[in-house]
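First up is the structure itself, then whatever we jot down about it.
The values are calculated or read from the model by the stated rules, or taken from the named source; none is laboratory data. Please read these numbers as outputs of a predicted model, since none were measured by experiment. Counting neighbours? That spans all protein chains shown, and the Cβs are built from the backbone with ideal geometry, glycine included. SASA here: full protein model, heavy atoms, side chains in, ligands and nucleic acids out. Shrake-Rupley method; radii C 1.70, N 1.55, O 1.52, S 1.80 Å.
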Amino acid sequence: HASTPEKGINPGLAVADIIQQFQRFNNASSQHFTQSTLICARVGEESFGTSAGMAEVMFTLRAFTNDDMQHLLSEADVVAYQIADRYHLQFSSSLVDPFRATENSSVLVEEMERTLADIPCRYRYLLEPFRWSEDFAEYQTLYPGVLFGVGAGEKHVELHHPDYDFPDELIEPAAQVFYSLI
């Protein structure tokens with residue numbers, strides 16, 4: 001009951017602690033990039049006169065390599081467990097829609113470079129991987145692969161923007177790349 005909160009365990013402070021501690025996972029280093037983004041936090045329910053008795057906190061965790069992601073997941077569990085223990089709370093965690101990092105085969109990258117040299121096409125390397133999720137890595141658990149993008153330019157509206165319109169003029173050069181690879 002809200003009039004006697006000392007008789008229960010309110011998870012509110014633990015949630016605040018978890019949110020603050022997960023901020024330390026944000027590492028912008030391109031060598032070991034990791035990121036933690038709070039996406040949802042719920043504490044209790046709308047029931048005046050009570051003290052919150054449950055909480056749920058959700059984060060999106062990202063890393064450029066699978067090794068860094070495994071380390072990040074382990075660290076996140078340790079932090080959450082320690083905080084739950086400190087506040088005498090029960091704790092559980094789960095993964096929702098986990099994505100592996102796409103790590104290109106160096107052999108196939110070289111093959112891609114040779115192919116691109118033979119066709120009239122401009123290309124460039126990104127200084128670091130995209131931060132968004134990509135399920136192409138699941139194919140790479142079975143077969144070596146190389147992920148490349150066909151870009152519309154830095155001034156083009158991004159894919160998930162409501163004004164995005166696929167530029168049809170990219171179809172022919174992209175098809176030429178795939179044809180040449182085959």
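Residues considered: Met69, Met58. Of these, the only one that is assigned to a strand (DSSP E or B), over 27 Å from Glu172 (Cβ atoms) and free of Cβ contacts under 8 Å to residues at least 60 places away in the same chain is Met58. Of all the numbered requirements in (1) part of a helix (DSSP H, G or I); (2) modelled with pLDDT of 90 or more; (3) surrounded by 11 or more Cβ atoms within 10 Å (Cβ to Cβ), Pro144 misses one, and that requirement is (1).
A quick yes/no check of all residues on (1) part of a loop (DSSP other than H, G, I, E, B); (2) within 21 Å of His32 (Cα to Cα); (3) hydroxyl-bearing (Ser, Thr, Tyr):
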{"position": "Val96", "(1), (2), (3)": "yes, no, no"}
{"position": "Glu110", "(1), (2), (3)": "no, no, no"}
{"position": "Arg122", "(1), (2), (3)": "yes, no, no"}
{"position": "Glu128", "(1), (2), (3)": "yes, yes, no"}
{"position": "Ile171", "(1), (2), (3)": "no, no, no"}
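The condition of being open to solvent by 100 Å² or more (accessible area, probe 1.4 Å) and either in contact with a Ser or Thr (Cβ under 6 Å, 6 or more places away or on another chain) or over 30 Å from Gln176 (Cβ atoms) (or both) holds for only one of Asp67, Asp85, Asp77, that being Asp67.
When Phe136, Phe166, Phe130 are screened for being at pLDDT 85 or above, closer than 30 Å to Ala76 by Cα and aromatic (Phe, Trp, Tyr), only Phe136 passes.
Exactly one residue out of Ile39, Ile9 is at pLDDT 95 or above and of a type in the set (A, V, I, L, M), and it is Ile39. Going through (1) open to solvent by 90 Å² or more (accessible area, probe 1.4 Å); (2) modelled with pLDDT under 95 one by one, Gln20 falls short only on (2).
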